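Here the structure comes first, spelled out in structure tokens, and everything after it is commentary.
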């Protein structure tokens, strides 16, 4: 009897068809359609100057989308990010107005964010019976509560002139915030796709028990990812505070919803282990420009919320529809 | 192969955005936007769901309709400066000729409003001011000195000249609120009010539920509280409801800035025997004509400029602080004597 050679493929065959049926291409398609529709409905949309300026509005929360993708791939979630932004910003403002030099205050802002993320990570890892949503729900309330205790209902600001440059400044024709975001996006994409750390994140998300038995340091990786989320929240705090020129304990309210929407719309499943960061990045721009475009039509704020909500539901539903012929590869 | 395709993905993304675009270097001093068809005048109020703001928008729309322009009404769902900054950028992109804004923060909107002015858009503030560098002129409903003073005079009369009072305000950064509160505190320094003590300034954020909980907190924390001054239509209506529900009519006095339509029941029942206000529709109406005068060049926002504001007659620009303002008039008292006739007007 001749032994039939069995070839076990180590990579999925990439045919042109399977390539284009990816989630990310769907997002790009929607993006193109949206751009065309917006451009047709109003002449004001297709203006490079305005569009690039519009990115400055939504890119501040985009920084958190990057590590949040990691968190959700891990099958966890972090809803305390907005409170971390508020707390970092408030502490920075109060310290600056008590005499600390601005540069140092900015570093403290990042440190506070990192610390908040670290606390989240430790709690998630130490209390394995509690899911991350419960823990970050608690820290969400605690962090913002601390911000309120520090500033009560007041605003704090009067930052030096140069601080404005962070949120409003251009380097040539490109806004500074866009440049920083692209750099961060490249770094995070590299970590997730090209390093062992990234592979381990996927592994933990797919099967935490098996990962642990394979020797992957699940706890350590989770703590690192949550800490990174806190750090990026600190960066968001810097840019947001710079755009506002002042800060209050209630800034960034609702940011966590936008951020998670962008990640989930990007094709990253909340079940963990699936999804790619490119999707999240595309989703950032998709939602950002969609909001901007609808704003150009003076759509009331409440209707905008409904539209984003619908988009999110559709994004979660589609992969779960078992379409016999077409299976969207994620 | 995959890398090539992925790069193509990225390029398609950026190209689809820039396709058919007109590029302009940022900071290009643009000429006054020439609108095809009717000129667009925009108003941004503090937030939605507030009848006072809605009446301002109504008045503005009426004025713009009278001069033959098109109105864009914008209101954020939360009273934050972030939302207003985004709206300002959207309006710049739509090439409006003028923006009238009731600010949620006096300084945070400066970078955005400056961009608007650089683009040739005439920027004014109404009701709640932005700082003098962010606007050409501010439309003020009444002299803040008059408002602050009359509030203290009213509450002092109600509580018999002595006792503890608290102020229930809107948001903590709102320019108009802060200027009135400053005047109120100054008025209290007068020796004839020496027996009245201001124990707290609470913030209801112009949100109904927060105003209700702040009122309840005040009543609990200060059991000897005699009077509440609420210079916000949302706050005074919320406080009136709390006092009515708790049966504190007569024990805790209430006055403030209230819409006659909202406060009619409470004035009749005696929970609050007097509130003051001006007509918010007139504020919007005046802002509409002021915007038009700026766009047409009749005025430039400098002190001494005069223009005709429709049915309100002629108005003059005056210097206040380090900026210029246009005054609507004096605050008007609503009490049991006249509430019937005013409650249907606004």
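The values are calculated or read from the model by the stated rules, or taken from the named source; none is laboratory data. Being a predicted model, the structure only gives us computed values, none of them experimental. All Cβ positions, even for glycine, are placed from backbone atoms using ideal geometry, and neighbour counts span all protein chains on display.
General observations
- Among the candidates B:239, B:264, B:290, B:235, residue that is surrounded by fewer than 24 Cβ atoms within 10 Å (Cβ to Cβ), in contact (Cβ under 8 Å) with a residue 40 or more places away in the chain and not in a strand (DSSP E or B): B:264
- All positions within region A:291-308 that are more than 11 Å from chain B (Cβ to nearest Cβ) and either modelled with pLDDT of 85 or more or in a loop (DSSP other than H, G, I, E, B) (or both): A:306, A:307
Conditions (1) in contact with a strand residue (DSSP E or B) (Cβ under 9 Å, 6 or more places away or on another chain); (2) surrounded by fewer than 24 Cβ atoms within 10 Å (Cβ to Cβ); (3) away from every other protein chain (no Cβ under 14 Å), marked per residue:
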| residue | (1), (2), (3) |
| --- | --- |
| A:211 | no, yes, yes |
| A:227 | no, yes, yes |
| A:248 | yes, no, no |
| A:260 | no, yes, yes |
| A:263 | no, no, yes |
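- Leading residue by the ranking (farthest from residue B:147 (Cα to Cα)) among those in region B:313-328 that are in contact with a helix residue (DSSP H, G or I) (Cβ under 8 Å, 6 or more places away or on another chain) and modelled with pLDDT under 85: B:322
- Residue satisfying condition, being over 21 Å from the mean Cα position of the chain (by Cα) and buried (at least 19 other Cβ atoms within 10 Å of the Cβ), within set A:130, A:110, A:95, A:74: A:95
- For the residues A:288, A:267, A:279, the requirement of being within 17 Å of residue A:185 (Cβ to Cβ), modelled with pLDDT of 85 or more and not in a helix (DSSP H, G or I) singles out A:267.
- Residues in region B:313-344 that are surrounded by 11 or more Cβ atoms within 10 Å (Cβ to Cβ), more than 20 Å from the chain's Cα centre (by Cα) and not in a strand (DSSP E or B): 6 in all.
- Residue A:111 satisfies every condition listed in (1) closer than 19 Å to residue A:224 by Cα; (2) in contact (Cβ under 8 Å) with a residue 24 or more places away in the chain; (3) in contact with a helix residue (DSSP H, G or I) (Cβ under 6 Å, 6 or more places away or on another chain) except (3).
- Residue tally, condition closer than 18 Å to residue B:178 by Cα and assigned to a loop (DSSP other than H, G, I, E, B), over region B:201-232: 6
- Only one entry in B:174, B:116 is within 14 Å of chain A (Cβ to nearest Cβ), within 20 Å of the chain's Cα centre (by Cα), closer than 26 Å to residue A:241 by Cβ and at pLDDT below 90, namely B:174.
- Set B:188, B:207: member being in contact (Cβ under 8 Å) with a residue 12 or more places away in the chain and within 25 Å of residue A:248 (Cβ to Cβ): B:207
- When residue B:198 is tested against (1) surrounded by 24 or more Cβ atoms within 10 Å (Cβ to Cβ); (2) not in a helix (DSSP H, G or I), exactly one condition is not met: (1).
- Helices (runs of 4 or more DSSP H) (entirely within region A:137-206) containing at least 2 residues that are crowded, with 18+ Cβ neighbours inside 10 Å and more than 11 Å from chain B (Cβ to nearest Cβ): A:176-194, A:196-206
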